[in-house]
Amino acid sequence: MTDGLKKKIVKEIKVDLDKCIGCRACEVACSAFHARPKYSSTNPARSRIRVVIDDLNDVYVPIRAGDYTPAECTGRHTYAINGKEYRECSFCGVSCPARDLFKEPDSGLPLKCDMCEDDPPIPEPMCVQVCPHDALVYIEREEDDGEEEVHREEMEIGLEALAKKHGLQKVMDAVARMSVSKKG
Amino acid sequence: MRYAETGFNLEIDLSRGSIERVATDPRLTELHLGGQGTAAKIQWDRVPPEVEPFSPDNLLIFSTGLLHGTPVPGANRTAVDTFSPQTNLYSHSLFGGFFGPELKHAGYDKIVIRGKASDLVYLWINNDKVEIRDARHLQGKGALETGACIKEELKESDAQVAAIGLAGENRVYMATIEHANSSASRGVGVIMGDKRLKAIAVRGTKDINVARPAELFEICNPMYQAIYDNPYCGDVFLHEDDEEWHVNNFAWGNARERQKGFWNKEKEKEWTDITESVRLRWTACYNCPKDCHQAISYPGRPTYFQKCYSKLTYAMAAYKELDFNYNILGVTQEHGLDGYSTPQVLAFAIELYNAGILTDKDLPGFPSDSGERFFYLVEKIVRREGIGDALANGVYWAARQIGKGAEEFDHNSTKKIEQLPLKLKMINYPYFLMYATSAKMTITQTEGSYPQSPIADKKEREAFVKNWDAAPERFKKWFLEWEPRTHPSIEASVHICDWNETMHYIDDAIGTCAFLSSFRGQFGGRPPYHLYNLPNFISHATGMDLDSDALWEIGRRNRNLIRAHNVRRGLRRSDEKPPEDHWKIRDTEMETKLLDAYYEFKGWNNDGIPTKETLEKLGLDYVSEDFLARGILTDSEATPSKETSVEKETK
């Protein structure tokens, strides 16, 4: 099914909050994988995935570190779970000046999930590999690559439909007339 | 650089309010590994037998295991060690969850607490910043509630908190230390309360380094799936709705009688419905794929965590239904009461009332319903009000304080500690030895590697032995020869007891969970961790060269050191007995032979005291010197006593 369309692979980690048992193995594995030299140390505080746990309210939310933002954001949300309200930043994965989460504990440099890209590549990100409960599941999804191409394709599809209906010659004549009248 | 451990302990003196960070001797790691092992050495050096448990000089030690904070899955059990007012002997407990690894990331292998605060305090450990803080505002608060309050006031939701409830504050002997989904029982909460320490909060963000990272990860990563898939490890029973095994085999009331025929399909359906209606989720401990804890939300009770056999202990002690158990756990967990011993204390009090030993004068307004009576008694005990003051000291001491024949109702304790409510018919040789001699004070912390029962079918037996990687060779032979309704030989029984307990001493030093290791060989014979793969994990993590013989030797060393503590505090052969009616059919002559053989095998004299030779072989010369100086051993006792044990027994 190429149809001449360009596709790209999107890597995604699907999180099932109901399946999380709160063991934090994902944090351990992530911090070890990203240690230099690799695996030389563990430290959940360096992990690019963190399980936000409020055990007395049955809240277990794995979040992954996203892009660094140099400014605090304005789009804030308050969450209510089982009737308890959580601060606007509780479940946010962005590394930002408002808090310490997703920053190296010693240098303060931001951390970002890189899906464990490695050479040679590993089959799944480490956090997924150590989660047999499938609270974290790795999926690769094909997606159309880039917006421009989509627009070009739309026009082509439209022209193709017109040519099918009226014949290619008629469409070409119409385009020629339109271009002449525009000049005049 | 130290690998797997931090190389520092935190020393807290609550009397003086001092806090020190003290470097530790790496040689002790080689000798004892960590956890309970290294704690026992610190106690040996600093807590002589003259120190009463309630003295400020008694130490309360929270130990990480050697493998905490390394990638080894399931290494998360924190050891708590002290001396117990209930037994005046060594008191050891463990709790799972997240505390130990967090403490290590904060930069400490242990917290060694001495002295007593003048008023209720809590400890806040935030990496290098450590504070003793006022906790008067937390007085009377529930154990888990305390954790939530502390995290809130510190604005540190990632902190891990271990706390006592009202029971610990009031020095109830059955008091626990509660943390997240886990509890430490068996006489440690009472000492935390005695020291006026309401809680310890920890936050750590430092690295833990391991010696051979790539090699360690290569063997750790497959363990997640292997542990998850292994049907013989984790809390197998808690995941089953069919409770027939527990309700038929364990005794109801004050460990009195089995109720065969109680269980049926309708009951199973009813109990399953109850559990499913109150369970929020299954939860796990740090870095372990097994989910052995139920988060429970019972109407009108704060959320709590239920684990292990506490699912049934209150219901069975009160002759009630499962619903009652979930209800009362919502109260007792917050008070910080041990779910094993407390139900027996409550059932014991009801028996005394029914026998007329306790009267309405002792129990004003005592309800008629056994469930309501349990709630009534719990409140008396945690406040040490009226008769609760005696009951708060456990069955053994309460019976003696109450008197008037109450002693007769103390029938299920060993070394003054309530044991599992099991009443069986025929004496079991290895179990006799484990009950009689264990320093862990409970069978669940002693049994576990050798199967509880034989396999009748010879072909199945052979197949079992063929895949039994966890077992040393000699056990394979004994298991192959073991026919149903026969006893293992004396020799086999001694070795079974020895193997079972040694595995616990290893777990309790490195911090791995018994549900993945020392407790989980007895059903199915395939524990994820065992004598033959653990040395690899330890070696790669620490850089120490270790094989299974060396690991066994360390287990023996720790066992003997803790034995020596108890011997120094007066423990002798005459104390080494199972609960009096644990078995209906006993065999005094055989019991004597078993104990003789066990002591001899252990290198202990006929009174159960490790000999000079044994101690020196284990590098415990300082123990034998102490024994000689105190007259516990004499120079002639380097060889076992010639006096026969039968003669000694009758003295």
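Descriptive notes on the structure:
- Across peptide A:32-39, the average count of Cβ atoms from other chains found within 10 Å of a residue's Cβ is 4.
- Share of Cα-Cα pairs in region B:424-650 lying beyond 23 Å, as whole percent: 50
- Surrounding net charge for B:Ala550, when Lys and Arg each add one and Asp and Glu each subtract one, Cβ distance under 12 Å: -3
- Rounded to the nearest 5, the antiparallel percentage of DSSP beta bridges internal to chain B is 80%.
- Paramagnetic reach from B:Phe237 in region B:390-426 [backbone N under 17 Å; point 7 Å along Cα→Cβ]: B:418-425
- Taken over chain B, the alpha-carbon convex hull comes to 151 cubic angstrom per residue.
- Mean shadow area of region A:97-140, taken as a quarter of the surface of its Cα convex hull (nm²): 4.7
- Relative contact order (%) - criterion: Cα under 8 Å, at least six apart; region: region B:424-650: 23
- Inter-part distance, region B:334-370 to region B:223-283, computed on C-alpha centroids, equals 26 Å.
- Taken over the Cα atoms of region A:8-144, the convex hull encloses 139 Å³ per residue.
- Each of B:Asp25 and B:Asp45 was given a label point 7 Å from its Cα along the Cα-to-Cβ line. The distance between the two points is 0.5 nm.
- Region B:205-222 residues near the modelled B:Asn127 label - backbone nitrogen below 14 Å, point 7 Å along Cα→Cβ: B:205-208
- Most mobile of A:His34, A:His166, A:His77 in a GNM of chain A (Cα contacts under 10 Å): A:His166
- Expected 222 nm ellipticity per residue - DSSP helices of 4 or more, -39500 (n - 2.57), all of chain B, to 500: -12000 deg cm²/dmol
- Chain B: relative contact order as a whole-number percent, Cα under 8 Å and 6+ apart: 15
- Taken over the alpha carbons of region B:126-232 as equal point scatterers, the Debye sum produces base-10 log I(q)/I(0) values at 0.11, 0.12, 0.19, 0.20 Å⁻¹ of -0.50, -0.57, -0.91, -0.95.
- Chain B: DSSP helices with Cα axial extent of at least 27 Å and average Kyte-Doolittle hydropathy no lower than -0.5: B:490-510
- Taking 31 Å as the limit for the C-alpha separation, the pairs B:Lys141/B:Lys307; B:Lys116/B:Lys416; B:Lys320/B:Lys584; B:Lys361/B:Lys440 exceed it in the case of B:Lys361/B:Lys440.
- Other residues lying with their Cβ under 12 Å from the Cβ of B:Glu616 contribute a combined charge of 0, Lys and Arg counting +1, Asp and Glu -1.
- Exceedance of the 21 Å cut-off in Cα-Cα distance is limited, within the set A:Lys103/B:Lys155; B:Lys41/B:Lys617; B:Lys415/B:Lys476, to B:Lys415/B:Lys476.
- Hull shadow area, averaged, region B:473-524 [alpha-carbon convex hull, nm²]: 4.0
- Prolate/oblate/rounded label for region B:54-130 (Cα gyration tensor, a/c 1.5): oblate
- Springs between Cα atoms under 10 Å define the GNM used for chain A, and in it the highest mean-square fluctuation of A:Arg46, A:Arg64, A:Arg36 occurs at A:Arg36.
- For region B:295-384, relative contact order (Cα pairs under 8 Å, six or more residues apart, normalised by length) works out to 25 percent.
- Kirkwood's formula applied to the C-alpha pairs of region B:231-418 gives a hydrodynamic radius of 17.4 angstrom.
- Residue ranges B:16-28, B:620-632 sort as B:620-632, B:16-28 when ordered by packing (mean number of other C-beta atoms within 10 Å per residue, highest first).
- Distant alpha-carbon pairs in region B:8-203 (separation over 24 angstrom), percent: 31
- Between region B:1-45 and region B:397-462, the C-alpha centres lie 33 angstrom from each other.
- Other residues whose C-beta falls under 10 angstrom from the C-beta of B:Leu571 contribute a net charge of +3, scoring Lys and Arg +1 and Asp and Glu -1.
- Volume of the Cα convex hull of the protein assembly as shown, divided per residue and given in Å³: 213
- Listed residues A:Ser41, A:Ser31, A:Ser95, most fluctuating in chain A (Gaussian network, C-alpha, under 10 Å): A:Ser41
All of the numbers you see were taken from the coordinates with simple rules; none came from a lab. The structure presented is a predicted model; accordingly, all values stated were derived computationally and were not measured. Using ideal geometry, Cβ is built from the backbone for each residue, glycine included, and neighbour counts are taken over all protein chains shown.
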